[in-house]
Amino acid sequence: MVTFYLIRHGQKETVMGDPSLSQVGRKQAEYTGKFFKDKKIERIYASPFKRTAETASIISKELNLDIAFDERLRERMNWGSKENETLEDFIKEWQKTDLDRDYQPHHGFSSRESGRRLESFLDEISKELTEGIVLAVTHGGIIGDLLRNVFP
């Protein structure tokens, strides 16, 4: 059996686009790496966004493992993916996807589809690996989307 740890990226800078981790976020990633140091992690996967890549990179240095990036670990929506989008507009669109899980936002994925993407990732890795411990560095929204799919 494969054990998965779904890790939300560390705290990010509050800017539009594809922000880096804040100083706090880098410390969070360091602590996470230290926590997993003795856990016999076999693989690390990450969303391709900068904040998840940085989180995974800091953890991977502690564990001496490479990172594989997977598009299915992307967040459902990202502020700044739509040109000239204000934070207020982004939050409104995000809330629509929370309330109506099948709502297709102007950019990104529905909540239900995001959960399915993460579930597809987990199923594929489970079949490929059969046993071991895997870290998946992703986003809080998609983790919640998966949980809402599995536990309606």
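Every read-out reported here was derived from the displayed coordinates using simple, explicitly stated rules and does not represent laboratory data. Quick caveat: nothing in here was measured; it's all calculated off a predicted structure. All Cβ positions, even for glycine, are placed from backbone atoms using ideal geometry, and neighbour counts span all protein chains on display.
The alpha carbon gyration tensor of the range 6-51 gives principal lengths a ≥ b ≥ c with a/c of 1.5 or higher and a/b no greater than b/c, which makes the shape oblate.
Looking at the square roots a ≥ b ≥ c of the eigenvalues of the Cα gyration tensor of the chain, which shape do they give, rounded for a/c under 1.5, prolate if a/b is larger than b/c, or oblate? Since a/c reaches 1.5 but b/c is at least a/b, the shape of the chain is classed as oblate.
Tell me which of PRO48, GLY25, SER126 sits at the most positive position along the dipole axis of the range 7-152, charges placed on C-beta atoms (Lys, Arg +1; Asp, Glu -1). Positive-end residue among those listed: GLY25.
Can you show me the helix-derived [θ] at 222 nm for the chain, built from DSSP H runs with n ≥ 4 at -39,500 (n - 2.57) apiece and divided by the number of residues, rounded to the nearest 500.
Rounded to the nearest 500, the figure is -15000 deg cm²/dmol.
Note on the range 52-101: dipole from Cβ charges, positive end direction compared against ILE58, TRP94, SER81; the farthest Cα belongs to TRP94.
Once you sort the root eigenvalues of the Cα gyration tensor of the range 33-101 as a ≥ b ≥ c, which label holds: rounded (a/c under 1.5), prolate (a/b larger than b/c) or oblate (the other case)?
On the way: a/c = 3.03, a/b = 2.51, b/c = 1.20.
Note, shape of the range 33-101 comes out prolate.
About its Cα centre, how strong a charge dipole does the range 31-152 have in debye, to the nearest 20, once Lys and Arg get +1 and Asp and Glu get -1 at the Cβ? Could you put the intermediate results ahead of the total?
Numbers: 20 positive and 23 negative charges, 65 e Å.
Charge dipole of the range 31-152: 320 debye, to the nearest 20.
Taking the range 56-82 and a reference point 7 angstrom along Cα→Cβ of SER20, the backbone N atoms nearer than 15 Å belong to 56-58. Proximity of backbone amide H atoms, modeled 1.01 Å from N, is registered between ILE7 and ALA136, VAL137, THR138 at under 5 Å, excluding neighbours fewer than 5 places apart on the same chain.
Computed extension gain for LYS92 through ALA68, at 0.36 nm per residue and net of the alpha carbon distance, reaches 5.4 nm.
Our summary gives the range 77-147 a relative contact order of 27 percent, counting only alpha carbon pairs under 8 angstrom and 6 or more residues apart.
The phi torsions of the range 38-55, fed into the Karplus equation with coefficients 6.51, -1.76 and 1.60 and a -60° offset, translate into couplings of 9, 9, 6, 5, 9, 9, 10, 10, 8, 5, x, 5, 4, 5, 6, 4, 5, 4 Hz, rounded to whole numbers, with Gly and Pro shown as x.
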